[in-house]
1. Just to verify a result, which residue in region 13-35, among those that are of a type in the set (Val, Ile, Thr) and either modelled with pLDDT under 85 or part of a loop (DSSP other than H, G, I, E, B) (or both), is surrounded by the most Cβ atoms within 10 Å (Cβ to Cβ)?
2. Quick check, is Leu80 part of a helix (DSSP H, G or I) and touching a residue at least 40 places away in the same chain (Cβ under 8 Å)?
3. Output the strands (runs of 3 or more DSSP E) that fall wholly within region 105-187 and possess 1 or more residues being among the small types (Gly, Ala, Ser) and touching a residue at least 40 places away in the same chain (Cβ under 8 Å), or say none.
4. Looking at (1) hydrophobic (A, V, I, L, M, F, W, C); (2) closer than 18 Å to Ala149 by Cβ; (3) loosely packed, with under 14 Cβ neighbours inside 10 Å, can you tell me which one Val54 breaks?
5. So is Ala87 part of a helix (DSSP H, G or I), touching a Phe, Trp or Tyr at 6+ places or on another chain (Cβ under 8 Å) and open to solvent by less than 70 Å² (accessible area, probe 1.4 Å) or not?
6. Within region 66-74, is even one residue in a loop (DSSP other than H, G, I, E, B), open to solvent by less than 60 Å² (accessible area, probe 1.4 Å) and in contact with a Gly (Cβ under 7 Å, 6 or more places away or on another chain)?
7. If Ala145 meets every condition in (1) at pLDDT 95 or above; (2) under 14 Å from the mean Cα position of the chain (by Cα) apart from one, which number is that one?
8. Tell me whether region 154-174 contains one or more residues that are open to solvent by less than 70 Å² (accessible area, probe 1.4 Å), over 25 Å from Phe61 (Cα atoms) and of a type in the set (A, V, I, L, M).
Amino acid sequence: MVAGPPEWLGETRAAVDAAGLGPEFAVTIVPGAGSRSASVAAALAEADSELVAVHDAARIFAPPELFTAVLGALGADPALDGAVAAARVSDTVKLAAPTGGEGTPYVEQTLDRDRLWAIQTPQAFRTAALRSAIERASAEELAAATDDAALIEAAGGRVGLVAADPANAKLTTPSDLRLAEARLAGG
């Protein structure tokens, strides 16, 4: 299932077809919605499998093995409602005190990086658990959720971490795009 911008469904279908996934992957294209969570809900409405994987188009370097790993972790542990790709944080991370938008932010606390993971996609879920979490969430919670695992967590579910390469970067800024272009060019 792929949710794409309604005005780009033809381009979305062409991109899926160009990926050459083969006949064993029957990919259905559904119109996305105004938010990530609403687009996921639209795709879930068409899903009929026990497990689903959610991936964002901003992570173009996710290897196929990572999809297998998150789905495999979820399938292997019945106590999990989800499993997400994640990379250990190597930087020191500081929690800033709220400033109310005024003044220079200052450090409130240094977090223990041994317990911190940077969450990525793909993310795999038990379809029923993700549907339930989305249905239970308020409109504000759906709009604020930066990933579907947060919705599962808020609903009391358990999400496992699958170690992934930090190179599975999310492309969101012009500098990210320049780095991706260099990587694709072999630089």
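1. Of all residues in region 13-35, those of a type in the set (Val, Ile, Thr) come to 16, 27-30.
With either modelled with pLDDT under 85 or part of a loop (DSSP other than H, G, I, E, B) (or both) added as a condition, the list becomes 16, 27-28.
On the way: Val16: 16, Val27: 12, Thr28: 12.
Of everything passing the filter in region 13-35, Val16 is surrounded by the most Cβ atoms within 10 Å (Cβ to Cβ).
2. no
3. 117-126, 159-163
4. (3)
5. no
6. Pass one, region 66-74, residues in a loop (DSSP other than H, G, I, E, B): none.
There is no residue in region 66-74 that is in a loop (DSSP other than H, G, I, E, B), open to solvent by less than 60 Å² (accessible area, probe 1.4 Å) and in contact with a Gly (Cβ under 7 Å, 6 or more places away or on another chain).
7. Every condition holds for Ala145 apart from (1).
8. yes
The values are calculated or read from the model by the stated rules, or taken from the named source; none is laboratory data. All values reported here derive from a predicted model rather than from experimental measurement. No Cβ is skipped: glycine too gets one built from the backbone with ideal geometry, and neighbour counts run over all protein chains shown. What goes into the accessible areas is simple: the full protein's heavy atoms, side chains included, and nothing from ligands, DNA or RNA. Shrake-Rupley method; radii C 1.70, N 1.55, O 1.52, S 1.80 Å.
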